[in-house]
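K.L.:
Dropping a structure here in structure tokens format, bear with me for questions.
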Amino acid sequence: MFLDLTILAIVLAAASGLPGLFLARSSVRGERIAAWLMAGGALTGLVCAAVTVLGGGQPTAFFPWPAAGNAVVGLDALSAFFLVPVFLVGGLGPLYGLGYWPQRLHTSNGRKLRLFWGLLVAGMALLVISRHAMAFLLGWEIMALSAFFLVATEDHREESRRASWVYLVATHVGTLTLFGLFALWRHTTGSYALEPVGQDTLSLGTLHLLFFLALLGFGLKAGVMPLHFWLPGAHASAPCHVSAMLSGVVLKMGIYGLVRWLSLLPSPPAAWGSIILALGAVSGLLGVVFAIGQHDLKRLLAYHSVENIGIILLGLGVAMLGRSSGHPEWVALGLAGGLLHVWNHSFFKSLLFFCAGAVVHGAHTRQIDRMGGMAKAMPWTAACFLVGAVAICGLPPLNGFVSEWFVYLGLLKTALSGGTAAMVGVPVLAMVGALAVACFVKVYGTVFLGEPRTRAAGHAREAPLSMRLPMLALGACCALIGLAPVLVGPVLDATTACWLADAGAETVRLGHIAPLGVISVLAFSLTACVAGVMVFLGRPALASRAGPTWDCGYARPTGRMQYTASSFAQTIVLFFNRVLQPHGRRPRVVGLFPPPAHLHSHVDDAVLDRVLLPAGHRIEGWFNWFHRFQRGLTQHYVFYILLTLLALLCTLFPFKAHLAQWFAR
Amino acid sequence: MTIVNLILHVAVLLLLPPLLLGVITKTKAWFGGRVGAPLLQPYYDLAKLLRRGMVLSTTTTWVFRAGPIITLATVLLAGLLIPIGGFNAPIAFTGDLILFAYLFGLARFFTTSAALDTGSAFEGMGSAREVTFACLSEPALFFALMVLAKVSGSLTLTTMLQGPTNAFSADVAAPLVLISIGLFIVLLAETCRIPVDDPNTHLELTMIHEAMVLDHSGPLLSVILYAASVKLLVLGTVLLHVIAPFEFGKVWLDWPLYLVEILGLAAIIGIVESVMARLQMRHVPYLLTGALLFCGFGFILLIR
């Protein structure tokens, strides 16, 4: 029954944007209907997911699909686990959109955005519940294409068009790889069904090929470090709730694909775990380093997604090592850490993008160095952003800490019992954590604290209720998981079962190997203590004189004299000079009264700007000779058609008979 | 007996820290040929600041007030996670080492945010330096903790830190020496001592920790100073487990032994502060990279 309800939720989501298409452009009813339909679908989907995770899997169902046998859909704990972020963020987005992207201000693209939002949610939900390669690919392509149209929402801007094309190319390279993957799967196992196969069905070579195809195809979607190049641009130029969806949920579909796919392959070699660990370490470290170098709030958040995907991969890597060496404890800790981080990242990253939307809306710029002091005008947004920032740094008492703690425990246990690959993981994760703190102190301090640096930042207003509600809901999710991790213990136990089946041991309960209760009590008491003292200090008796900030006796300080985000990050950027290669224009200051000057600095993307684009230009150069044939003149093309026709006619000419006749004579 | 130890643990954690600052100051005065302030001067200072009023900058928000309080709460909780001497920590569970390290991260987040809340460029500089240097000292700390975990075969701080005492063998001597050097540098950096930072400097441009607290006054400043001394005690206690793994096994001897050790460590820090100059700011990363390498090599030596 719950599977049917999930399908109903998918249909509701897919249909949410349709009524708006039949209403007038100026009508505001379309967006309300879309929000209601989406909310209904999301609630239904969340209930189904919750029941499935806690109450056990649902029986699978069949749909006749003439081309490829029966399409199978099913709802097990893993599917349900990934349905939660899909429907949660999917349901909150249209509500946020009511305030952020209202139809009366965006008459030209508001309806398009809502239509593809619904399709995106439906596509993701479909791919998560499908147990059949074709249905999976169908969901995957619906997701990929609707995400393309969402990134290109503002297609009158060149930046959006460029980012969406890069995204489209990247996602289709991924899809092509998945075609290869599923074709190989069909060829070796004889069916399109995504079911675990026996020990000796696949040869080792095929196993390796399947693994690397999956890593490439799903890694492109997840944004693993060398394959992340489409991500910063797409996240930065999409509307903020779309960025929240892309970063919080769409990337996780790559992780879902990887987790589901690896659960199908029997007895993985130990090298796979090490490869995933290495990719995780590289993504984690370089993701956060590149984030620190950014000046654009949304690009910065996008690079942090790469970092968090890295942390998730570190968890998956530990779990893979555990599977190959028969340590169910490592599998439980690593997979629980990785999967919980999937949830956590989708909550706090969507929260941060929602807050960023409110801020960008208010300050009319995405440049961090042009903001400042916005906590006074937008206290709710500032508080929500602070929750997201503390959570994404993995600090107690919020949810990021719980998942990173699982990953750490898994890494440490692996490292102590001889898993060499995991030893690098611990210090790397520690450095990632410290760098993330640096990055988010920079963002929070520069955007929300201090004095406004520009007039626009000073005139910002608090976001409307429809935008604040989704932020508060996501913030509450972060706090709930952080303060009461005992609640997610059973959920994770049910979900990690998909990898524990072949680890060959009795069920491992997360609560036994990781004391979640103590964490709950400590997190709760720490929060209560601080809150209590804050209330005590807030009493009017203790409040005292107000004055200006100490400025060394300077008479006329202005907001522009504050420390900027670029200066804040400069030492770290210089430290990672070799990787980041920052460049820019540095003015020369000459004389006693130098003229006004501009300082400009920029950090390019490592892969897109330094490898792919130069390589593309180089290849374009090689094919310059082709321009001779490709001139854009209609006459030429008509001539080519004539030539082709003549060539085709020639094939009709009975050469053989003719030649035979010739020689016979 | 556990109750007595618990009470003693909390009492030492709450009452002893300012004395360490007094010992450091006294040592420096002695090296400088001065009489110096009385040993208990930090207590008088804290009491005086608590009675004073506060001046709050008009730029600030609630984050400015929350910073010191969160810092104090986190370092006190971290102090409850570590064992003192041969006695078990009041709170111990698998994986508490990660909570221990991340509590300092939480403190850092709010100290630096509170500094940025004032909008002052000096405090911006101070917090930028603080978060930058932590990027190197945090992996060093984790390498050291991994060595201790490997030596003791446990992921609980109480067992890990008592590892050098209980599970000592010739094989682990060299790694322990290496990580004790690394941990000492981390201790100096995290508690803002010479050669990383000078707590007595008078030039805002060259400060780290003191630059961040320029605008805090009265009770908030006293909370900051007190939290800094608690942090010194906590990290010092961790270091003592590595450099002085001795115990008598008797309660009435072990507590005095611990007091002698921690005050001796404070005197050593005082000596280091007296005989060294502060490093140039751009050279600090090299020192911390050194600490990272010491701890990393310690770990590699252990697992070879």
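Rule-based calculations on the coordinates, nothing more; no lab input. Since the structure is predicted, the reported quantities are computational estimates derived from the model, not experimental observations. Here the Cβ is made from the backbone with ideal geometry for all residues, glycine too, and neighbour counts use every protein chain on show.
K.L.:
Out of residues 5 or more away from residue B:55 or on other chains, whose amide H comes under 5 Å of its own, with H placed 1.01 Å from N in the peptide plane?
P.N.:
Answer set, sorted by chain and number: B:217.
K.L.:
Which value at 222 nm does chain B reach when only helices count, each DSSP H run of 4 or more adding -39,500 (n - 2.57), with the total divided by all residues and rounded to the nearest 500 deg cm²/dmol?
P.N.:
Roughly -24000 deg cm²/dmol at 222 nm, from the helical runs in chain B.
K.L.:
Here's another thing I want to ask about it. Need the full-extension length gain, residue A:172 to residue A:23, defined as separation in residues times 0.36 nm minus the C-alpha distance. One decimal, nm.
P.N.:
Extra length from residue A:172 to residue A:23 when fully extended: 50.3 nm.
K.L.:
With the cut-off at 21 Å, tell me which of the pairs B:26/B:250; A:221/A:442; A:252/A:442; A:413/B:150; A:112/A:221; A:252/A:298 have Cα atoms farther apart than that.
P.N.:
B:26/B:250; A:221/A:442; A:252/A:442; A:112/A:221
K.L.:
So, one more: Sorted from fewest to most neighbouring beta carbons within 10 Å, what does the list A:462, B:210, B:138 look like?
P.N.:
Values: A:462 16, B:210 20, B:138 28.
If I rank by nearby Cβ atoms, fewest first, I get A:462, B:210, B:138.
K.L.:
With 10 angstrom as the radius, rank B:31, B:87 by how many other C-beta atoms surround their C-beta, starting from the fewest. Can you show the working numbers first?
P.N.:
On the way: B:31 14, B:87 21.
Neighbour counts put them in this order, fewest first: B:31, B:87.
K.L.:
For the range A:610-622, just list the computed ³J(HN,Hα) in residue order, Karplus coefficients 6.51, -1.76 and 1.60, θ = phi - 60°, integers in Hz, with x standing in for Gly and Pro.
P.N.:
Once rounded to whole Hz, the list reads 9, 10, 5, 5, x, 4, x, 5, 4, 5, 4, x, 4.
K.L.:
Which one of B:80, B:21, B:257 has the biggest mean-square fluctuation once chain B is modelled by GNM with Cα springs under 10 Å?
P.N.:
Of the options given, B:257 has the highest mean-square fluctuation.
K.L.:
Restricting to DSSP H runs of at least four residues, report the calculated mean residue ellipticity at 222 nm for chain A, -39500 (n - 2.57) per run over all residues, nearest 500 deg cm²/dmol.
P.N.:
Taken over chain A, the calculation gives -23000 deg cm²/dmol.
K.L.:
At a Förster radius of 22 Å, what calculated FRET efficiency corresponds to the Cβ-Cβ distance of residue A:325 and residue A:501, to the nearest 0.05?
P.N.:
For R0 = 22 Å, the calculated efficiency reads 0.85.
K.L.:
Go ahead and run the numbers for FRET between residue A:187 and residue B:2, Cβ-Cβ distance against an R0 of 51 Å, rounding to 0.05.
P.N.:
Rounded to the nearest 0.05, the efficiency is 0.15.
K.L.:
Using 0.36 nm per residue of separation minus the Cα-Cα distance, give me the extension gain between residue A:631 and residue A:645 in nm, one decimal.
P.N.:
3.0 nm
K.L.:
Also, I was wondering about something else. How far, in nm, would the chain grow between residue A:578 and residue A:652 when pulled straight, counting 0.36 nm per residue and subtracting the alpha carbon separation?
P.N.:
Between residue A:578 and residue A:652, full extension yields an extra 20.3 nm.
K.L.:
Can you compute 3J(HN,Hα) from phi for each residue in the range B:29-46, using the Karplus curve 6.51 cos²θ - 1.76 cosθ + 1.60 with θ = phi - 60°, rounded to whole Hz and x for Gly and Pro?
P.N.:
Coupling constants for the range B:29-46: 5, 4, 5, x, x, 10, 6, x, 6, x, 4, 8, 3, x, 5, 4, 4, 4 Hz.
K.L.:
Take residue A:585 and residue A:62, extend 7 Å from each Cα along the Cα→Cβ direction, and tell me the distance between the two endpoints in nm.
P.N.:
For the pair residue A:585/residue A:62, the computed spacing is 6.9 nm.
K.L.:
Same structure again: Taking 22 Å as R0, compute the FRET efficiency from the Cβ-Cβ separation of residue A:47 and residue A:466 and round it to 0.05.
P.N.:
That pair, residue A:47 with residue A:466, gives E of 0.40.
K.L.:
To check you understand DSSP bridge types, tell me what percent of the beta bridges within the protein assembly as shown (both residues inside) are antiparallel, rounded to 5.
P.N.:
Counting DSSP beta bridges with both partners in the protein assembly as shown, the antiparallel share is about 75 percent.
K.L.:
Place a point 7 Å from the Cα of residue A:534 along the Cα-to-Cβ direction; which residues of the range A:457-483 have their backbone N under 15 Å from it?
P.N.:
Those under the cut-off are A:475-476, A:479-480, A:483.
K.L.:
Take A:275, B:271 and order them by how many other Cβ atoms sit within 10 Å, fewest up front.
P.N.:
In increasing order of surrounding Cβ atoms, one gets B:271, A:275.
K.L.:
What is the list of residues in the range A:565-606 whose amide nitrogen lies under 12 Å from a point 7 angstrom out from the Cα of residue A:455, following Cα to Cβ?
P.N.:
none
K.L.:
OK, next. Non-local amide H neighbours of residue A:70 (under 5 Å, H modeled in plane, Pro and chain starts lacking H): which ones?
P.N.:
The list, which skips near neighbours in sequence, is A:65.
K.L.:
Could you tell me whether the range A:272-416 comes out rounded, prolate or oblate from its Cα gyration tensor? Rule is a ≥ b ≥ c as square roots of the eigenvalues, rounded for a/c under 1.5, then prolate if a/b exceeds b/c, otherwise oblate.
P.N.:
Prolate, because a/c is 1.5 or more and a/b exceeds b/c.
K.L.:
Under the definition of Cα pairs under 8 Å and six or more residues apart, what whole-number percent is the relative contact order of chain A?
P.N.:
Taking the mean separation of contacting Cα pairs over the length of chain A, I get 12 percent.
K.L.:
Oh, and also: Distance in nm between label sites at residue B:304 and residue B:44, each 7 Å beyond Cα in the beta-carbon direction?
P.N.:
It is 5.4 nm.
K.L.:
Per-residue HN-Hα couplings for the range A:96-109, Karplus 6.51 cos²θ - 1.76 cosθ + 1.60 at θ = phi - 60°, whole Hz, x for Gly and Pro?
P.N.:
Computed from phi, the couplings for the range A:96-109 are 4, x, 4, x, 8, 10, x, 4, 5, 9, 10, 5, 7, 10 Hz.
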